[in-house]
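Asks: Next up is a structure, given as structure tokens.
Every read-out reported here was derived from the displayed coordinates using simple, explicitly stated rules and does not represent laboratory data. Please read these numbers as outputs of a predicted model, since none were measured by experiment. Please note: Cβ atoms are built from the backbone with ideal geometry, for glycine as well, and neighbour counts cover all protein chains shown.
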Amino acid sequence: MKTLENIFLDNKDKKHIFVQPGGNWGDHLIYFGLECLAKKINLNYETYKINEFFDYAPKPNEVVYIHGGGAFNSWSTDAGFRALRHAINSDAVDVIYGPCTCSQDVDFLEEKFGEIINENRKFTLFARELITYSIFNNLNCLKGSAEVLLDNDTAFHATKGALQALAGEEKYNYSLYGYRSDKEDSGITFSPTPQFLLVDPPEIAKSFAHWVRIHLHAIEIVTNRTHSSIVGSILGKPTTLFDNSYHKNKSIWQYNLEARGVKWIDASEAIEIVEPKGVARLIPKKLNNSWKLNALFRRLRGFPQC
């Protein structure tokens, strides 16, 4: 099966337009990894943010590459679908949608892809794990239009050296519990406590370099953030991943991360880890929830401030 790198090498004489559909700092690891690959093979590219891309008309000698991720679902923005529509209706010589994950709502996918498919335009669609690869291959609306391929999340092209060049020296200051609590978590409930460094890395980070630094300074990482687990594996940190609201985390873990030494636990186990223990159980809830107190303990642990 062709890889993304194979396709880039086959089109090395053409200019590539890299489109960033948006997302949090973890998604920037996807962009960073692809840029590492592009530099390795000396690929000619230019980067466009999503709104810049909508104002741009790709030329006949250009390849449009839209960064993958987890955008093909009903709870995210439709930026990925809109970017794909703009690309396949352009004059670009080729259109590639990067390694991604979709929801398992087949009716939703049939409708959304069906609205944008141009039967006269073929494009390449990469999955980054086996469940999405199977779903894409079985969508009626994609038959005859999309060449469905399987390859790793482009974040895996990032190297520890490149990340350290961006974010500085490695440190071993704290155990990082990077827990998301939003529409993509698995219904978990937990409370902050100064006893543990419990943060949501994309929410607390001020920049992509800061996001990398948060992980680079950890002794170990426990998380339900996909790219916190990926960057942990790249950095060689002992890393544990647990499930989110759909198959994404488990699917990527089975396809890539398990072989890279990342452990898997259930969400219930992850919550037990950060429950207050010992005398910490006696701390009043109001004090546990104090932003100032938690910020103080983060600083005392050596958590990077920027």
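Asks: Between residue 40 and residue 111, what is 0.36 nm times their sequence separation minus the Cα-Cα distance? Round to one decimal in nm.
Replies: 21.7 nm
Asks: While we're here: Once you've got the GNM for the chain with C-alpha springs shorter than 10 Å, pick whichever of 63, 279, 148 has the biggest mean-square fluctuation.
Replies: 279
Asks: Would you calculate the separation in nanometres between label points at residue 138 and residue 268, each defined as 7 Å from the Cα along the Cα-to-beta-carbon direction?
Replies: 2.9 nm
Asks: Next up: Enter the Cα centre distance for the pair region 77-101 and region 140-155, rounded to the nearest angstrom.
Replies: Value for the Cα centre distance between the two parts: 12 Å.
Asks: Here's a follow-up. In region 160-306, if the dipole is taken from +1 on Lys/Arg beta carbons and -1 on Asp/Glu beta carbons about the Cα centre, which of 187, 273, 201 is farthest to the positive end?
Replies: Positive-most Cα among the choices belongs to 201.
Asks: Sticking with this one: Using the Cα centre as the reference, give the magnitude of the dipole from point charges on the C-beta atoms of the chain (Lys, Arg: +1; Asp, Glu: -1; all else neutral), rounded to the nearest 20 debye.
Replies: Result for the chain is approximately 1220 debye, rounded to the nearest 20.
Asks: Test of understanding: ordering 151, 13 by Cβ neighbours within 10 Å, fewest first, what list do you get?
Replies: 13, 151
Asks: Additional query: What is the Cα centroid distance between region 161-202 and region 21-43, reported in whole angstrom?
Replies: Going from one Cα centre to the other spans 21 Å.
Asks: To continue, here is another question. Among 253, 264, 75, rank each residue by its count of other Cβ atoms within 10 Å, from fewest to most, as a rough exposure measure.
Replies: 75, 264, 253
Asks: Still on this structure, please answer the following. Enumerate the amide H contacts of residue 71 below 5 Å, restricted to partners 5 or more residues apart or on another chain; note that Pro and chain-start residues carry no placed amide H.
Replies: Here the answer is 101, since their amide H atoms fall under 5 Å of that of residue 71.
Asks: Taking neighbour counts of Cβ atoms within 10 Å as a proxy for exposure, in what order, fewest first, do 142, 29, 287 appear?
Replies: By the 10 Å Cβ count, ascending, the order reads 287, 142, 29.
Asks: Let me ask something else about it. Using a basic spin-label model with each label point 7 Å from the Cα along Cα→Cβ, how many nm lie between residue 118 and residue 275?
Replies: 5.6 nm
Asks: Moving on. Which longest run of the chain has no exposed loop site in it, a site being GluC sites (Glu not before Pro) in a DSSP loop with at most 14 other beta carbons within 10 Å, and the site itself not part of the run?
Replies: For GluC sites (Glu not before Pro) (loop position, at most 14 other Cβ atoms within 10 Å), the longest site-free span of the chain is 170-306.
Asks: I would also like to ask the following. Between residue 300 and residue 89, what is the spin-label point distance in nm, taking each point 7 Å from the Cα along the Cα→C-beta axis?
Replies: 5.8 nm
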